[in-house]
Amino acid sequence: MSAIWDFADFDDHEVVHCVRDHASGLTAIIAIHSTHLGPAAGGTRFWHYADGEAAIRDALRLSRGMSYKNAMADLPAGGGKAVIVADEARTKTPAMLAAFAKAVDGLAGRYITAQDVGMSEADMVAISQHTQNVAGLPGQGGDPGPYTARGVFLGIEAAAKRALGADGLKGVRIAIQGVGSVGGGAARYCAEAGAQLILADIDTARAKALAEELGGDAASSADILFQAVDIVSPNALGAILTEQSIENITAKAIAGGANNQLATGNEGRLLQERGILYAPDYVINAGGIINVLRKIDDADDEAIYKRIDNIPARLEAVWDESEKSGMAANEVADQMAQKLIGR
Ligand code: NAD
């Protein structure tokens with residue numbers, strides 16, 4: 001096993017805490033990538049890993065991702081992430097959560113946590129009994145999905161303008177993969193703006209019902225990415241943009257809220273080579289985190305929506321630089337984020 005700073009995802013993390021509590025059996029990692037723009041903010045994941053190295057790698061990768069995401073969303077926040085290492089039975093006790101909360105509190109506001117995979121709203125409330133440094137609690141802004149959907153819609157509009165020269169979405173054909181909280185919300189906005197929708201979800205009844213309601217069509221989720229449309233909007237799973245899938249996409253732009261859409265990261269280049277405009281996922285889907293982190297500077301709903309309104313400008317800047325430099329949009333976004341955090 002190599003030293004932690006030799007991990008590929010270490011990328012000059014400011015500090016990485018390993019937390020162990022003998023009494024409760026807690027093992028956790030709190031990774032703080034950057035506090036350059038403000039307190040390191042990012043959720044807590046509760047997950048069972050194959051081994052300790054995988055847990056550390058995940059914490060580092062996610063924490064750096066939060067630095068980039070928060071910076072590109074113009075938030076006064078740095079990036080961090082916590083991982084609670086679950087045993088095979090996924091045992092989660094109040095004592096464990098309390099020990100974790102006290103560890104977060106010990107960082108004196110340098111790290112602000114929030115809900116992530118494997119943690120419930122009730123878990124976050126339990127954590128908040130021992131530390132103030134929790135964002136996104138019930139009553140503090142609610143479900144991030146609708147805010148993410150708003151940003152995705154604005155990003156789709158920006159993509160239509162850039163890739164099609166369209167002023168608005170009237171008549172623009174959009175295929176939406178996944179019509180849950182984000183995809184469904186974005187579909188409603190797009191329909192309202194006059195777009196022609198094709199919707200798909202593994203929950204076929206859900207896609208069909210929404211298509212009927214919005215006057216669009218439903219398609220199978222197996223080939224939604226390959227529809228004869230102008231824009232594809234992935235809002236379900238990650239890693240859907242692969243060498244193979246990209247070959248078969250005929251749309252002019254990809255703009256959706258799903259996390260980690262590029263299977264390896266190199267696919268950004270392939271999209272560029274094929275002349276397909278790509279809205280980097282963490283830039284277009286930042287509406288949710290903008291809402292979750294409202295407590296950092298006591299932003300009200302008006303301030304939140306103002307920040308979300310900036311998502312298209314951020315995308316434009318990425319696309320301008322991509323055109324100028326010849327770099328892929330995802331690479332440009334990472335580079336811009338690094339600059340913003342003083343790297
Ligand atoms: P959700 O669970 O509300 O909706 C996801 C939908 O996708 C469901 O209807 C599900 O049936 C469908 N789905 C799953 N697999 C599919 C497949 N193979 N093909 C077609 N449909 C499929 O989740 P959500 O909150 O809308 O999140 C969607 C995506 O956006 C996820 O990748 C999530 O990580 C990302 N995201 C969400 C937010 C947020 O605020 N909720 C913020 C940033 C990123």
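The set of residues in segment 281-299 that are over 15 Å from Ala135 (Cβ atoms) and either in contact with a strand residue (DSSP E or B) (Cβ under 9 Å, 6 or more places away or on another chain) or surrounded by fewer than 16 Cβ atoms within 10 Å (Cβ to Cβ) (or both) contains only Asp281.
Within segment 74-95, is even one residue acidic (Asp, Glu), part of a strand (DSSP E or B) and open to solvent by 10 Å² or more (accessible area, probe 1.4 Å)?
Here is the first cut: in segment 74-95, the ones acidic (Asp, Glu) are 74, 87-88.
Among the residues that remain, those that are also part of a strand (DSSP E or B) are: none.
The answer is no, given that none of the residues of segment 74-95 is acidic (Asp, Glu), part of a strand (DSSP E or B) and open to solvent by 10 Å² or more (accessible area, probe 1.4 Å).
Number of residues in segment 253-271 that are in contact with a Gly (Cβ under 8 Å, 6 or more places away or on another chain) and buried (at least 19 other Cβ atoms within 10 Å of the Cβ): the value is 6.
Conditions tested, residue by residue: (1) among the aromatic types (Phe, Trp, Tyr); (2) within 11 Å of Tyr111 (Cβ to Cβ).
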site	(1), (2)
Phe7	yes, no
His13	no, no
Ala41	no, yes
Phe46	yes, no
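Of all the residues in segment 150-167, those that are assigned to a loop (DSSP other than H, G, I, E, B) and open to solvent by less than 30 Å² (accessible area, probe 1.4 Å) number 1. Set side by side, the residues Gly256, Gly216, Gly183 differ, and just one is over 24 Å from Ala328 (Cβ atoms), touching a strand residue (DSSP E or B) at 6+ places or on another chain (Cβ under 7 Å) and near the ligand (Cβ under 9 Å from one of its atoms), which is Gly183. For segment 141-160, name all the residues that are of a type in the set (D, E, K, R) and either closer than 14 Å to Tyr305 by Cβ or near the ligand (Cβ under 8 Å from one of its atoms) (or both). Once the filter is applied, which keeps residues that are of a type in the set (D, E, K, R) and either closer than 14 Å to Tyr305 by Cβ or near the ligand (Cβ under 8 Å from one of its atoms) (or both), segment 141-160 yields Asp143, Arg150. If you go through segment 8-58 and keep only what is among the hydrophobic types (A, V, I, L, M, F, W, C), open to solvent by less than 50 Å² (accessible area, probe 1.4 Å) and more than 28 Å from Ile296 (Cβ to Cβ), you end up with just Ala54. Kindly list the number of the only condition in (1) modelled with pLDDT under 95; (2) of a type in the set (Ser, Thr, Tyr); (3) part of a strand (DSSP E or B) that fails for Thr27. Condition not satisfied by Thr27: (1).
The values are calculated or read from the model by the stated rules, or taken from the named source; none is laboratory data. All figures in this text were calculated on a predicted structure; none of them were measured in a lab. Using ideal geometry, Cβ is built from the backbone for each residue, glycine included, and neighbour counts are taken over all protein chains shown. SASA here: full protein model, heavy atoms, side chains in, ligands and nucleic acids out. Shrake-Rupley method; radii C 1.70, N 1.55, O 1.52, S 1.80 Å.
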